[in-house]
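A.B. asks: Below you'll find the structure I mean.
Coordinate-derived values only; no laboratory data. Computed from a predicted structure; not experimentally measured. In this analysis, Cβ positions are derived from the backbone assuming ideal geometry, glycine residues included, and neighbour counts consider all displayed protein chains.
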Amino acid sequence: MLDDFLVRAGLAGVGLSLATGPLGAFVVWRRMAYFGDATAHAAILGVALALAMDLPVGFGTLAVALVMAVTVSTLSGRGWAIDTVLGVLAHSALALGLVAVSFLQGVRVDLQSWLFGDILAVSRADLAFIWGGGALVAALIAWRWDRLLVATVNEDLAHAAGVDPNRERMVLTLALAVVVAVSIKVVGALLIAAMLIVPAAAARALARGPEAMALLASAIGAAAALAGLWLSLSFDTPAGPSIVAAAAAGFVIAGMAGRLRA
Amino acid sequence: MPRVQGGMSLIAAEHVTVRLGGSEVLSDVSIALNAGEIVTIVGPNGSGKSTLLRTLLGILPVASGRVTRNARIGYVPQKLALERTLPLSVRRFLSLPIRHSRAETDAALARVGVPEIGDRQLADLSGGQLQRAMLARALLAKPQAILLDEPTQGLDQPGEAAFYRLLEEVRRETGAAVLMVSHDLHVVMSASDRVICLNGHVCCEGTPRVVSNAPEYRALFGLGTQGALALYQHDHDHTHDCGHDHA
């Protein structure tokens, strides 16, 4: 069954949604949308470095995404406006990555596939990487759920309850780096943030509690991945953007359904 | 309520100095909260009131001095910046991060006078309901000390008076001490056993009457507080709705 590229693609999309659902909910609640973008853009630099050093691409993207995430956390803690920090770092990292790719001699880099993803080319090894990373992030968030939630509602309340909000922020930062690393192949660097935000935003219209919103976001993300693959196959459209377009349609439908119910 | 001298305080700061971003916000501050008393910290904007409360809670580190906590503490923050994107019912909020049974959360909400809001979304509450929900959450910790940061900000005067009455009732029933921060001199002071006047350091301290007559207090707040003076001189059994200038 795993021999079929379409089955592998579908499984990759579903596996990714495991992590992007709950993590995306936190990204929306904490207004970290642009942060996800920045980490993802930096991942291109990771791709270039990994190829140059002949390391696995997943390793390179993970390392650079981690460095990026920690740098942003540190700089924004030092009084720089967060959007300025992200603007400088995200675009610099993307530009550096593109420049670095052009220096690679003898390595054929399909830049298009890193920017927009190539879910139809997902291998068995990729699938293991995606499911492993996705399950890791989902388990991490489930384990620390209440602590993450109270730190999101109010940092002082978290502190008073014995929860260190800085540690919880770091947990989310690490989770984000892992998700970027495992999803760059599926949706590409430019659309990762969309897979985090759009399903979570769609789930908001229907959910009455934080747990429901996280689970619904996963379900909507998985449905969007399958619908997007179907679109791609039927109309010969690029797969990554088709998945995001399907998620966007889900956002509109959920919004209307939520309004009808209210 | 007499101040217990020498006994173990619930929370105490001894010669505490706190620096934020290089400037000294609190210098050599010593205060103590003893069992069963209601203490209010007053002071002008920027006097370090919230900083002191957050230092007592252990949120901010001290540059020198010592903070000791010997009590279960319930905390009510100044405000909750609620994201509308986060769907959160009042009941779920009360169980965060420590889970409580539905019976316990319902009882806590009933205790603070808002039994009907358990299923409401936190973001849909009025200012007064939100304050009570946060107090209910603090009570669920079965606190020996309740710390509140500007608890009546944004409430109208009747709402404010009702909230202080509620605090007195809670104190009477549970025996919990109350430490709150306020820049509002009138009703707050009348509801307190002890007032600490803060302006980077402790200017003066004592019963509301002593503090309001202290030259340090008058220098800070001027003499335009006569309206409040009448309020200090009563006991805590009647309501505070009357006697205030509503103009």
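A.B. asks: Could you look through segment A:153-173, keep only residues that are hydrophobic (A, V, I, L, M, F, W, C) and at the interface with chain B (Cβ under 8 Å from one of its Cβ atoms), and pick out the one that is surrounded by the most Cβ atoms within 10 Å (Cβ to Cβ)?
C.D. replies: The extreme case among them is A:158.
A.B. asks: Within the bounds of segment A:171-182, is there any residue that is more than 24 Å from residue A:225 (Cβ to Cβ) and under 16 Å from the mean Cα position of the chain (by Cα)?
C.D. replies: Checking segment A:171-182: at least one residue is more than 24 Å from residue A:225 (Cβ to Cβ) and under 16 Å from the mean Cα position of the chain (by Cα).
A.B. asks: Here's a follow-up. Which of the residues that make up segment B:83-114 are facing chain A (nearest Cβ under 8 Å), surrounded by 15 or more Cβ atoms within 10 Å (Cβ to Cβ) and of a type in the set (A, V, I, L, M)?
C.D. replies: Answer for segment B:83-114, where residues must be facing chain A (nearest Cβ under 8 Å), surrounded by 15 or more Cβ atoms within 10 Å (Cβ to Cβ) and of a type in the set (A, V, I, L, M): B:86, B:88, B:96.
A.B. asks: A further question follows. Can you give me the number of residues within segment A:188-214 that are within 20 Å of residue A:259 (Cβ to Cβ) and outside any helix (DSSP H, G or I)?
C.D. replies: Residues meeting the conditions: 5.
A.B. asks: On to the next question. Any chance you could count how many residues in segment B:183-193 are out of contact with any Leu (no Cβ under 9 Å at 6 or more places or on another chain) and either closer than 18 Å to residue B:33 by Cα or free of Cβ contacts under 8 Å to residues at least 24 places away in the same chain (or both)?
C.D. replies: Total satisfying the criteria: 3.
A.B. asks: Check A:232, A:218, A:242 and return the single one that is of a type in the set (S, T, N, Q), away from every other protein chain (no Cβ under 14 Å) and free of Cβ contacts under 8 Å to residues at least 40 places away in the same chain.
C.D. replies: Selected residue: A:242, the only one of A:232, A:218, A:242 that is of a type in the set (S, T, N, Q), away from every other protein chain (no Cβ under 14 Å) and free of Cβ contacts under 8 Å to residues at least 40 places away in the same chain.
A.B. asks: Next question. Here are B:179, B:198: which of them is surrounded by 20 or more Cβ atoms within 10 Å (Cβ to Cβ) and touching a Lys or Arg at 6+ places or on another chain (Cβ under 6 Å)?
C.D. replies: None of the others qualify; the one that does is B:198.
A.B. asks: Hey, another quick one. Please report, ordered by residue number, the helices (runs of 4 or more DSSP H) entirely within segment A:30-147 with at least 2 residues that are out of contact with any strand residue (DSSP E or B) (no Cβ under 7 Å at 6 or more places or on another chain), surrounded by 14 or more Cβ atoms within 10 Å (Cβ to Cβ) and touching a residue at least 60 places away in the same chain (Cβ under 8 Å).
C.D. replies: Values: elements: A:33-52, A:57-77, A:82-103, A:111-116, A:124-143.
The qualifying helices (runs of 4 or more DSSP H) are A:33-52, A:57-77, A:111-116, A:124-143.
A.B. asks: I'd like the full set of residues that are of a type in the set (Lys, Arg) and touching a helix residue (DSSP H, G or I) at 6+ places or on another chain (Cβ under 9 Å), limited to segment A:179-219. Give the derivation first.
C.D. replies: Let us first name the residues in segment A:179-219 that are of a type in the set (Lys, Arg), namely A:185, A:204, A:208.
Passing the criteria: A:185, A:204.
A.B. asks: Select from segment B:142-154 the residues that are surrounded by 19 or more Cβ atoms within 10 Å (Cβ to Cβ) and either on the phi < 0 side of the Ramachandran plot or of a type in the set (Gly, Ala, Ser) (or both) and list them in ascending order.
C.D. replies: Answer for segment B:142-154, where residues must be surrounded by 19 or more Cβ atoms within 10 Å (Cβ to Cβ) and either on the phi < 0 side of the Ramachandran plot or of a type in the set (Gly, Ala, Ser) (or both): B:143, B:144, B:145, B:146, B:147, B:148, B:149, B:151, B:152.
A.B. asks: Given the criteria within 30 Å of residue A:251 (Cα to Cα) and not basic (Lys, Arg), does residue A:87 qualify?
C.D. replies: Numbers: within 30 Å of residue A:251 (Cα to Cα): yes; not basic (Lys, Arg): yes.
Yes.
A.B. asks: Looking at segment A:224-238, which of its residues are more than 16 Å from the chain's Cα centre (by Cα) and in a helix (DSSP H, G or I)? Full working, then the answer.
C.D. replies: As a first pass, look at segment A:224-238 and keep what is more than 16 Å from the chain's Cα centre (by Cα): A:226-238.
Scanning segment A:224-238 gives A:226, A:227, A:228, A:229, A:230, A:231, A:232, A:233, A:234, A:235.
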